[in-house]
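Encoded as structure tokens, the structure appears first; notes follow it.
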Amino acid sequence: MRRETPHLPAPSLRTALRGIRQRAHYTELLDQPYTDPRTLAANLRDLRLLNRSLGWTAGVWEEVRLLLPRGAWEATLLDVATGSADLPRALRQRAAARGIWLHVIGTDVGGQVLVEAARHGADLALVRHDATRLPFADGAVDVATLCLAAHHLDPPALQATLRELWRVCRRGVVVSDLERGAPAYLGARLMALALRNRLTAHDGPVSVLRAYTAPELHALARRAGLEAISLRRRFPFRLTLVAVKPA
């Protein structure tokens, strides 16, 4: 994935809140070329915990299930920037409970991240690739998802990624991420006090400052060619964009 420049060090609380109206370019440690494997594993464990305990995985499933082919017993899902792949695994389990076999592909630009994803089970197809240039044919999957990753991309790269997600899906796209705002930032700062992992404590608040607002995300999706776009908020501080392909 393309990374934006220049990067800035993490700000003070006062500086962050004063500049919250504008998307910032602070550096996330996860985007650095090398991260200590144990620190990375702990960070991904924290993200799995947040996805599960805050209901973020359940929120994504509510959107994905509406896009799955009705009456079909199998479907395909591409999860871009999959991290440790806890989300697509959870989605597959929920689909199975409804009698649907969900074929899942997870992609990520980070080799270390994919190693960690594979360590939690070799049951998914994992591909290392840039989100802005996906190695899949047009309409290769039913649904494409991008979760907790949009804020890692600057506007041109996110627009290119959204265009790629739209290209490779047959049914629709689900993008779920943090929403930039003062309450979300303060919540992330409190979370950093509880989650003592260095990577999590640093990147959580910075992620909020790099996140997009609903109008910003909607505008990028429109420019990327997505259609039938809807935006929904989910507590706490989660913004979900859904785009549906014409029948």
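A short reminder: the numbers here are calculations on the coordinates, not readings from a lab. Just so it is clear, the structure is predicted and the values come from calculations on it, not from any experiment. When we count neighbours, we look across all protein chains shown, and the Cβ atoms used for this are built from the backbone with ideal geometry, even at glycine.
Things to note:
- Note on the chain: with a GNM built from Cα contacts shorter than 10 Å, the maximum mean-square fluctuation among A137, A224, A201 falls on A137.
- Contact order relative to length of the stretch 88-149, as percent, for alpha carbon pairs under 8 angstrom and 6 or more apart: 27
- Using a cutoff of 8 angstrom between alpha carbon atoms and counting only pairs six or more residues apart, the relative contact order for the stretch 115-247 works out to 26 percent.
- Highest-MSF residue in the chain out of L134, L193, L220 [GNM, Cα springs under 10 Å]: L193
- Span from the the stretch 4-72 Cα centroid across to the the stretch 179-247 one, whole angstrom: 8
- Potential extension, V244-E227 segment - 0.36 nm per residue separation minus Cα distance: 5.5 nm
- Inter-label distance for R65 and A140, nm, one decimal - labels placed 7 Å from Cα along Cα-to-Cβ: 2.8
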